[in-house]
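Worksheet for the structure shown next.
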């Protein structure tokens with residue numbers, strides 16, 4: 001019976017255009033001229049690792065100068081030299097000189113990539129993401145739309161990187177994306193597929209399913225949305241509704257940036273969870289309605305945080321139901337206020353006014 005419900009729901013979503021198949025999904029951005037600043041730094045790291053392996057006597061600085069010096073500005077952040085200089089400033093010390101910075105980068109990067117395990121990882125990544133992998137073709141439409149909506153915002157340079165795996169499995173140490181100043185860097189080692197055996201065993205499967213190339217656009221769009229949509233004022237006793245609408249604004253922006261990507265990937269749901277959420281939308285709203293104006297974060301965080309499902313609702317439910325509901329409310333608001341630009345809409349912080357203006361009535 002449950003499978004029948006899922007199949008019917010998926011069919012309905014296709015007919016409604018929720019899953020959709022637009023004949024020319026990029027027709028709205030054909031006239032936008034944008035060239036991404038994209039570089040495969042992981043390939044330079046691979047060449048560095050090979051050099052250090054074949055010539056053990058090669059100094060780290062020589063390997064850096066030969067293969068990596070052209071990415072000095074990015075490596076300044078990747079190697080953590082920016083954080084080191086910030087610490088020196090707090091201690092009243094001057095920042096490293098240019099020569100000292102180059103030496104620090106070379107030492108930091110060289111020490112890590114001289115390890116034979118890193119060479120093996122980099123080699124496998126080159127096979128998974130060969131030189132012809134269409135990063136730019138896949139990401140350019142996303143950034144064209146972002147430029148369309150926010151023409152005054154500088155488009156970040158795009159890089160790729162590789163690190164090792166933190167054995168603790170803490171999400172804070174998962175560097176699937178890095179976003180230092182002026183850059184977004186893709187950690188290819190966390191896009192190796194959900195069954196890649198070298199992730200920490202402490203990372204659950206519902207998190208691992210995002211570690212595959214199909215999530216590339218959605219993860220970057222989410223990173224852009226996180227930096228674009230204003231934060232909730234945590235000093236003002238925010239309610240569940242405040243967090244819910246803010247999350248909804250983020251997902252709405254993601255939806256505008258990558259409209260051709262399945263909703264399940266935008267939400268980081270399985271296809272079954274996405275169908276479940278749409279099918280039980282009215283029930284989700286009924287469950288959350290009594291808590292909308294709750295100000296005790298610990299009382300409502302169960303509807304926002306990462307979990308495999310929402311245990312208070314059902315063990316076959318989708319997780320993060322407040323995010324899903326927030327998106328549905330914001331999407332309804334956008335339909336009723338079509339005069340608002342995407343930029344104007346996602347900059348709003350009057351969350352209760354958005355909720356009222358959406359006139360949201362789930363079917």
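Coordinate-derived values only; no laboratory data. Everything numeric here is computed off the predicted structure, so don't read it as measured data. So basically every Cβ, Gly included, is an ideal-geometry build from the backbone, and we count neighbours across all protein chains shown.
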Practice task
With a 10 Å radius around each residue's Cβ, average the other Cβ atoms per peptide and rank 138-148, 346-356, highest first.
Solution key: 138-148, 346-356
Fill in the blank from the handout: Sorted on mean Cβ neighbours within 10 Å (highest first), peptides 43-51, 60-68, 88-96 come out as 43-51, 60-68, 88-96
Problem - Packing-based ranking, highest mean first, of 199-205, 106-112 given that Cβ atoms within 10 Å are counted - result: 106-112, 199-205
Practice task
List the extent of the Cα atoms of the range 41-112 along each of their three principal axes, largest first, rounded to whole Å.
Solution key: 42, 22, 18
Practice task
Send over the semi-axes of the range 213-268's equivalent ellipsoid, whole angstrom and largest first, taken as the square roots of 5 times the C-alpha gyration tensor eigenvalues.
Solution key: 24, 11, 9
Completion exercise
In units of 2.2 N^0.38 Å, the Cα radius of gyration of the range 285-363 is 1.19
Exercise for the section: With springs connecting C-alpha atoms under 10 Å apart, model the chain as a Gaussian network and identify which of 265, 220, 81 has the largest mean-square fluctuation. Expected result: 81
Problem - Computed Rg/Rh of the range 193-235, alpha carbon atoms with Kirkwood Rh - result: 1.15
Exercise for the section: Please give the direction-averaged projected area of the C-alpha convex hull for the range 230-358, in square nanometres with one decimal. Expected result: 7.6
Handout entry: For the chain, average projected area of the Cα convex hull in nm²
Key = 21.3
